[in-house]
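Where a number appears in this text, it was derived from the coordinates with a stated rule and is not lab data. Note that the coordinates shown come from a computational prediction; the quantities given were computed from them, not determined experimentally. Neighbour counts run over all protein chains shown; Cβ positions are idealised from the backbone, glycine included.
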Amino acid sequence: MQYLCSGAARLGLQLNSRQLEQFQTYYRELIDWNSRINLTAITEPKEVQLKHFLDSLSVIPAFKQPVISENPSLIDIGSGAGFPGLPLKIALPDIKLVLLEATGKKAAFLRHLTQKLNLDDVEVLAGRAEDIAHQFQYRQRFDIVLSRAVAALPALAELTLPFCAIGGRIIIQKKGDIEGEVSQAARVIEILGGSQPEVKKVELAELADDRYLVIIDKVSPTPAKYPRRPGMPAKRPIVDKGT
């Protein structure tokens, strides 16, 4: 895990022996399960350390600093193989984490991995964000809402903002030219109670391929009708003219 250690140190994180062992176990289980279900196309040890583990940790500079010391509640929307949520839980063990994944086999992997890593305060939900966001125990409950390249930004805004508590923060990981997406998402972000988005470039030598964090603060309640039914945020995104 030398590549991960080096990159994490640039983020101000000193990973201890237990954390490094957990990341090793994560890697082994990821590769083992990937032979049976499609979790990732990235399998080389160095590439997993950088493009999955370190990439997940790269969101930490976007956290509101006081939140880090207050055992924040996080939800990872469309968690897939656990990124970014589980690497963050390993590095910051006091966070309370919910992993939301619509695919049942991937959710099963997340449950298995959570037990294998002996992680506390982790809940795995198998379901669609459009449905779960309307459940009382998850709606506007989280300090930090995360999502990593799950959909275009207008759709992601509708899928993430309903989970975020007022005063909380949404952090969406994106790559490449995202200026158009950010512009297109402005209306839905405003409607759903978010601030004007801030785009922060990931400044890590190990991840020098135009990675960005789109940061949105939750400033007012999300109207009860959002998100719309499953599939609608992606099929009919809210843009300049609304819906």
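Computed quantities for the displayed model
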item	result
Taking M1, M232 and counting other C-beta atoms within 10 Å, the order from fewest to most	M232, M1
Footprinting exposure proxy for L100, L11 (fewest neighbouring C-beta atoms within 10 Å first)	L11, L100
Loop sites in segment 135-240: GluC sites (Glu not before Pro), DSSP, at most 16 other Cβ within 10 Å	E203
Rg in Å to one decimal, and Dmax rounded to a whole Å, for segment 91-181 via C-alpha atoms	13.9, 42
Environment charge of S79, counting only residues whose C-beta is closer than 12 Å and scoring Lys/Arg +1, Asp/Glu -1	+1
Neighbour-count ranking [beta-carbon atoms within 10 angstrom, fewest first] of F63, F163, F53	F63, F53, F163
Lysines with Cα under 30 Å of K96, excluding same-chain neighbours fewer than 8 positions away	K46, K51, K64, K105, K106, K116, K174, K175, K200, K201, K218, K225
Gain on full stretching of the segment that runs from I42 to V199 - 0.36 nm per residue minus C-alpha separation	53.9 nm
Under the Debye formula (equal points on every Cα, no solvent term), log10 I(q)/I(0) of segment 1-93 at q = 0.15 Å⁻¹	-0.57
Inter-centroid distance (Cα atoms) of segment 153-182 relative to segment 191-235, Å	1
